[in-house]
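Take a look at the structure below.
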Amino acid sequence: MRTAMETQSQQDAESDSALPTTPCSVVWSRGHAYVLEGFRARWVGRDDRGRPHAITGAEMQRRGWTLTHTA
């Protein structure tokens, strides 16, 4: 089991690193899953109302992201 401090450190390390570049990579941001759409180089997911939502890699870096879903 990880402590809150260890979990935060892992999230910080993932957020500071580069986003995945492989098409169909999945990352989590603000409680939502986003998939890298390779041919357009954008991250696609759903907003709080279930509507499609696409953002750039730069926006994903600003919002913060992780490789795992956190509760």
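Values for this structure:
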quantity: Filtered residue count, region 46-61, keeping only those that are open to solvent by 40 Å² or more (accessible area, probe 1.4 Å), assigned to a helix (DSSP H, G or I) and either touching a helix residue (DSSP H, G or I) at 6+ places or on another chain (Cβ under 9 Å) or hydrophobic (A, V, I, L, M, F, W, C) (or both); calculated: 2
quantity: Matching residues, region 18-30, being part of a loop (DSSP other than H, G, I, E, B) and either open to solvent by less than 50 Å² (accessible area, probe 1.4 Å) or among the basic types (K, R) (or both); calculated: L19, P20, S25, R30
quantity: Tally of residues being open to solvent by 100 Å² or more (accessible area, probe 1.4 Å), in contact with a strand residue (DSSP E or B) (Cβ under 6 Å, 6 or more places away or on another chain) and outside any loop (DSSP other than H, G, I, E, B) across region 62-71; calculated: 0
quantity: In region 35-45, residue nearest to S25 (Cα to Cα) [restricted to those that are small (G, A, S) and surrounded by 12 or more Cβ atoms within 10 Å (Cβ to Cβ)]; calculated: G38
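The values are calculated or read from the model by the stated rules, or taken from the named source; none is laboratory data. Nothing here was measured: the structure is a model prediction, and the numbers come from that model. With ideal geometry, Cβ positions are generated from the backbone for all residues, glycine too; neighbour counts draw on all protein chains shown. Accessible surface areas use protein heavy atoms only, side chains included; no ligands, DNA or RNA. Shrake-Rupley method; radii C 1.70, N 1.55, O 1.52, S 1.80 Å.
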